[in-house]
Amino acid sequence: MFKNYELLLHPTFGALGMLAAVWVFVEALNASEDNVARMRTAAKWSAVLIWLAYITAGYYYVMYYGADKAVIKAGPMPWAHGLFMETKEHLFFLTLLLATYLPIAVSGPVDKSRAVRKLALWSSAGVTLLVLAMEGAGAVISMGDKVGLVMKLGV
């Protein structure tokens with residue numbers, strides 16, 4: 001039963017974490033004393049949500065992905081696992097590192113220092129782009145599983 005909810009939680013946490021990173025980016029573009037607190041709050045939320053995406057993905061991977069992997073590899077899209085899942089498994093750690101670093105990046109004087117503002121912009125943009133890549137890879141993996149199941153069932 002949890003598998004169905006987990007498959008909703010994982011990408012939802014990731015997408016919300018990405019939206020929080022976009023929020024940091026926009027606030028950093030217009031950094032001032034008025035929005036530094038909001039930016040720092042959004043950065044913390046981004047980190048927490050990306051970690052939750054990681055935890056729910058790890059649970060799913062350990063508990064359920066073995067069966068899905070077999071279906072994908074036996075189906076017409078084995079590269080959905082071989083290329084996209086393998087890439088996602090390794091690239092995600094960079095996303096996790098950047099999201100964890102984001103609150104640290106905005107802890108400095110973002111409103112007063114151009115260098116700190118650039119760091120905040122690049123870190124939040126990195127989280128955003130990597131999460132978009134993760135979401136796309138997840139869609140391909142899910143399609144590989146669905147197509148494999150359709151073939152297996154002969155529907």
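The values are calculated or read from the model by the stated rules, or taken from the named source; none is laboratory data. None of the values given here were measured: they were computed from a predicted structure. Cβ placement follows ideal geometry from the backbone for every residue including glycine, while neighbour counts extend to all protein chains displayed.
Look at Met63 and say whether it is under 22 Å from Ile141 (Cβ atoms), of a type in the set (A, V, I, L, M) and either surrounded by 19 or more Cβ atoms within 10 Å (Cβ to Cβ) or in contact with a Ser or Thr (Cβ under 8 Å, 6 or more places away or on another chain) (or both).
no
Each row is one residue, and each column tells you yes or no for (1) part of a helix (DSSP H, G or I); (2) closer than 24 Å to Ala31 by Cβ; (3) acidic (Asp, Glu); (4) in contact with a Pro (Cβ under 6 Å, 6 or more places away or on another chain).
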{"residue": "Ala80", "(1), (2), (3), (4)": "yes, no, no, no"}
{"residue": "Glu89", "(1), (2), (3), (4)": "yes, no, yes, no"}
{"residue": "Thr95", "(1), (2), (3), (4)": "yes, yes, no, no"}
{"residue": "Ala99", "(1), (2), (3), (4)": "yes, yes, no, no"}
{"residue": "Lys112", "(1), (2), (3), (4)": "no, yes, no, no"}
{"residue": "Ala137", "(1), (2), (3), (4)": "yes, no, no, no"}
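Find the residue count for region 37-60, including only residues that are of a type in the set (Val, Ile, Thr), more than 14 Å from Ser124 (Cβ to Cβ) and surrounded by fewer than 20 Cβ atoms within 10 Å (Cβ to Cβ).
Residues meeting the conditions: 2.
Using beta carbons and a limit of 8 Å, which pairs, at least six apart or on different chains, have the first residue in region 53-78 and in a loop (DSSP other than H, G, I, E, B) and the second one acidic (Asp, Glu) and at pLDDT below 90?
Within 8 Å, the pairs are Tyr64/Glu6.
Within region 108-116, is there a residue that is among the aliphatic types (A, V, I, L, M) and more than 25 Å from Ser32 (Cβ to Cβ)?
No, because not a single residue in region 108-116 is among the aliphatic types (A, V, I, L, M) and more than 25 Å from Ser32 (Cβ to Cβ).
Those residues that are surrounded by 15 or more Cβ atoms within 10 Å (Cβ to Cβ) and over 13 Å from the mean Cα position of the chain (by Cα), I need them from region 84-105; list them, please.
Of everything in region 84-105, those that are surrounded by 15 or more Cβ atoms within 10 Å (Cβ to Cβ) and over 13 Å from the mean Cα position of the chain (by Cα) turn out to be Phe84, Met85, Tyr101, Leu102, Pro103, Ala105.
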